[in-house]
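Okay, so here's the structure we're looking at.
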Amino acid sequence: MMMLQRRSWLSLAAGLALVLSACAGTTRPTSFYTLSASAEPAPATTARKGGLVVGLGPVTLPQYLDRPDIVTRESRNEMRLADFQKWAEPMEPMLTRVLAEDLYALLNARDVVPLPQRREARFDRVIEVDVNRFDADRAGRVVLDARWRVYDGASEKLVASGRSVVAEAGAPVPDYDAIVVAMSRAVGRLAEEIAAAVAGRAPSS
């Protein structure tokens, strides 16, 4: 009797091990994504050496974006967190860095420095950005809604402000590759509108 029970337990344990092994073998690996700059910087020139030094920050985000999961919008009030698609770094520093890269290229700036930063620096302009929304719906349509302000670096006087609502077509969920590419384009268009204000010209349509 004891021998039969022992064999039964061994058979059960072996079966369970096979099931767990099969489950582990079919688990989908997690994919990690990052935003990328859209604008290409011009080669270093004398003009760039005499260009603006810009401080960028703070760039604030709504709390629903403060997570590693890529967030999409199921409906007006329902959000979805991706199961296996995550950001490779926190959204706030990633967005700030990519926006700085785009502004650096578009303004032909001498430097665009994400704030806060430790070293002492004199800025010609300081840009603040408050993001209200940055996500894609089920069809892959990305919306970036942000308010921004441009200050004179010396006097701290407000010299320009605006609200940009940018939409870019991606691809339906779960094509997160296309969604992230569309999100990167949206950041580039936001940078274009801010750069136009810094340069004192009307943004392109």
Scanning region 108-132 for residues that are within 19 Å of Arg163 (Cα to Cα) and of a type outside the set (D, E, K, R) gives Val126, Ile127, Val129, Val131, Asn132
Here is a check on your reading of the model: is Pro58 in contact with a helix residue (DSSP H, G or I) (Cβ under 8 Å, 6 or more places away or on another chain), at pLDDT 65 or above and farther than 24 Å from Asp175 by Cα?
no
Within region 159-204, can you find the residues that are farther than 13 Å from Ala37 by Cβ, assigned to a helix (DSSP H, G or I) and among the hydroxyl-bearing types (Ser, Thr, Tyr)?
Tyr176
Is at least one residue of region 10-22 exposed (fewer than 13 other Cβ atoms within 10 Å of the Cβ), at pLDDT below 95 and not in a helix (DSSP H, G or I)?
no
Of everything in region 150-173 that's in contact (Cβ under 8 Å) with a residue 40 or more places away in the chain and either β-branched (Val, Ile, Thr) or exposed (fewer than 15 other Cβ atoms within 10 Å of the Cβ) (or both), which residue is nearest to Val71 (Cα to Cα)?
Val173
Return the residues of region 75-85 that are outside any loop (DSSP other than H, G, I, E, B) and over 16 Å from Leu61 (Cβ atoms); say none if nothing qualifies.
Arg80, Ala82, Asp83, Phe84, Gln85
Filter result for Ala136 (buried (at least 17 other Cβ atoms within 10 Å of the Cβ), hydrophobic (A, V, I, L, M, F, W, C), touching a Ser or Thr at 6+ places or on another chain (Cβ under 6 Å) and at pLDDT 95 or above)
yes
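Starting from residues that are of a type in the set (Gly, Ala, Ser) and not in a loop (DSSP other than H, G, I, E, B), keep the ones in region 92-143 and report whichever is farthest from Asp69 (Cα to Cα).
Checking each candidate, the answer is Ala105.
The values are calculated or read from the model by the stated rules, or taken from the named source; none is laboratory data. Every value quoted in this text rests on a predicted model; they were computed, and no experiment measured them. All Cβ positions, glycine included, derive from the backbone under ideal geometry; neighbour counts span all protein chains shown.
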